[in-house]
Amino acid sequence: MVHMAMISPPKTPDPVFAARHFGPILWAALLLPIVGCSTFAERTLKLHNAYYDNQLAAAQAEIDECLKHNRGNADLIQLDAAMIDLATGNAKAAEQTLRIVRDHFDYLEQPAIHEKAAAMLSDDNRNSYSGEDYEKILIRAFLALSNLMHDGGDAEAYSLQLIDKQDQIIAAGVDKKGHNPKADYQRVALAPYLRGALREATHHDYDDAERSYTAVVSWQPGFTPGRFDLDRAVHGRHSAPGNGVLYVFALTGRGPYKVEAVEVASTVSLLIAGEIVSAFGHQTLPPNIAPVKVPRVVARHGGTAAVEVLVGQQPAGVTQTITDVTHLAIQQYEAIYPQVIARAVARRILKNGILYGGKEALGVQKGSLEGFALDMATLAWQATESADTRCWGLLPDKIQVLRLELPAGEHDIALRPLNPGGRPIGACARQPIHIADSCNTYLLASFPDHHLVGKMLVSEP
């Protein structure tokens, strides 16, 4: 608007003047979102396919390629890199990467006025990606799991950070009218579950374990073993003499992702509003036929639903869901979805306002040829909008766990993927482990489809 006001149009506007002076402003804005117009999902497709096909060397090579050509989304690429590191058995590297992204996401929560202004002139892809709420929480969940597999000294601290971050996110959700769409966010039961397991292993902090398992039962009531865990903590018994405990953590299925959707109601409302302005205002607006595009979080289908655990050749149990990642992501995103729509509608109104104000500043006559040309340019500008479908692509559908009390000594553990009906859908993967008397041992495995990806991780003694 400042630049427009500095231009002194002739008394009788002509198309040449409008095209020469006002046109470049519109076209510059129009070209903002065109650079790199392929979606983030398309740019990381080879990376994700390599991971799911258990081609981890190729997946790691794709990480390097993606970072070379898409540095603006390095955080999301690094989150995928951490999942690949876990699958290859490098839990320490995964933890280090997750810590860096966690800290950067926290930094990006600060206001960035210049980015918000650029996003309003194009779309939300212009913003630095600071993570959805569920992603910020799950980073801490995977920090705890990663640390548990190679050291364990900070796993409880990460669990407490997760609980604290949930509280921060929910507290920050209050709007100017006092409403809080985040108040009913589902909590991640993995955090208190891990803390309860770690407190139990001390053989004396059973009060802390009891409080943690109480939270698990409250936050994830469908997790049946939680009640047994709570009862065990109440009675203060980690394991029988001569036994130890094995926790099998399974990352099952493929996690949620984002797609571009059209918000029909908002599109129609803007069309009507634009027609009213054109009919009664001093200037016309282009018909708002360009759809209002917004991202939606959706579930994937298929893959491993649960994992059967065998000790030797004997079935010992089936993993159960401690955190439903897909449900968590969809439930949290739907809570803030009206805000996402409002931001997209505000962007469209701003663009129409720029056009209307520009016409007024240039003295364009209503219904003139130059006005029509500017309408068409603005319509094209609106049509370039794309929904921001960036997300953490290699999340699992569910985080599951099975607790087994076993005699101290050597054991041959086998994991077999199951479908939703409880039938095997792939071959067993085997791993020898050592169970220490009165201690916890942790095993982590990823089954996104019908087979193990990478290797099983077993915690260090």
Original post:
With (1) assigned to a helix (DSSP H, G or I); (2) without any contact (Cβ under 8 Å) to a residue 60 or more places away in the chain as the list, and A197 as the residue in question, which single condition is left unmet?
Top reply: (2)
**OP:** For residues that are touching a residue at least 60 places away in the same chain (Cβ under 8 Å), out of contact with any Leu (no Cβ under 9 Å at 6 or more places or on another chain) and either under 18 Å from Q320 (Cβ atoms) or aromatic (F, W, Y) (or both), tally how many sit in region 202-230.
**Re:** 4
Subject >> Residue tally, condition under 19 Å from T441 (Cα atoms) and charged (D, E, K, R), over region 224-241 >> reply: 3
**OP:** Being outside any strand (DSSP E or B) and in contact with a Cys (Cβ under 8 Å, 6 or more places away or on another chain) is the filter here, so list the residues in region 237-261 that pass it.
**Re:** P256
**OP:** Report yes if some residue within region 322-334 is modelled with pLDDT of 95 or more, surrounded by fewer than 17 Cβ atoms within 10 Å (Cβ to Cβ) and either among the hydroxyl-bearing types (S, T, Y) or assigned to a strand (DSSP E or B) (or both); otherwise report no.
**Re:** no
Original post:
In this structure, is D167 surrounded by fewer than 13 Cβ atoms within 10 Å (Cβ to Cβ), under 32 Å from the mean Cα position of the chain (by Cα) and part of a helix (DSSP H, G or I)?
Top reply: yes
Original post:
So which helices (runs of 4 or more DSSP H) stay within region 39-130 end to end and still have 2 or more residues that are modelled with pLDDT of 95 or more, surrounded by 22 or more Cβ atoms within 10 Å (Cβ to Cβ) and touching an Asp or Glu at 6+ places or on another chain (Cβ under 6 Å)?
Top reply: 91-108
**OP:** With respect to A316, determine if the residue is at pLDDT below 95 and either on the phi < 0 side of the Ramachandran plot or part of a strand (DSSP E or B) (or both).
**Re:** no
**OP:** Scan region 205-248 for residues that are of a type in the set (A, V, I, L, M, F, W, C) and touching a Phe, Trp or Tyr at 6+ places or on another chain (Cβ under 7 Å) and report the count.
**Re:** 3
Original post:
Can you spot a residue in region 340-348 that is modelled with pLDDT of 80 or more, closer than 21 Å to G393 by Cβ and either out of contact with any strand residue (DSSP E or B) (no Cβ under 6 Å at 6 or more places or on another chain) or assigned to a loop (DSSP other than H, G, I, E, B) (or both)?
Top reply: no
Original post:
If a residue has to be touching a residue at least 12 places away in the same chain (Cβ under 8 Å) and under 24 Å from A141 (Cβ atoms) to count, how many in region 58-90 make the cut?
Top reply: 20
**OP:** Consider Q382 carefully, then state whether it is modelled with pLDDT under 95, polar (S, T, N, Q), buried (at least 18 other Cβ atoms within 10 Å of the Cβ) and within 32 Å of the chain's Cα centre (by Cα).
**Re:** yes
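The values are calculated or read from the model by the stated rules, or taken from the named source; none is laboratory data. None of the values given here were measured: they were computed from a predicted structure. Neighbour counts run over all protein chains shown; Cβ positions are idealised from the backbone, glycine included.
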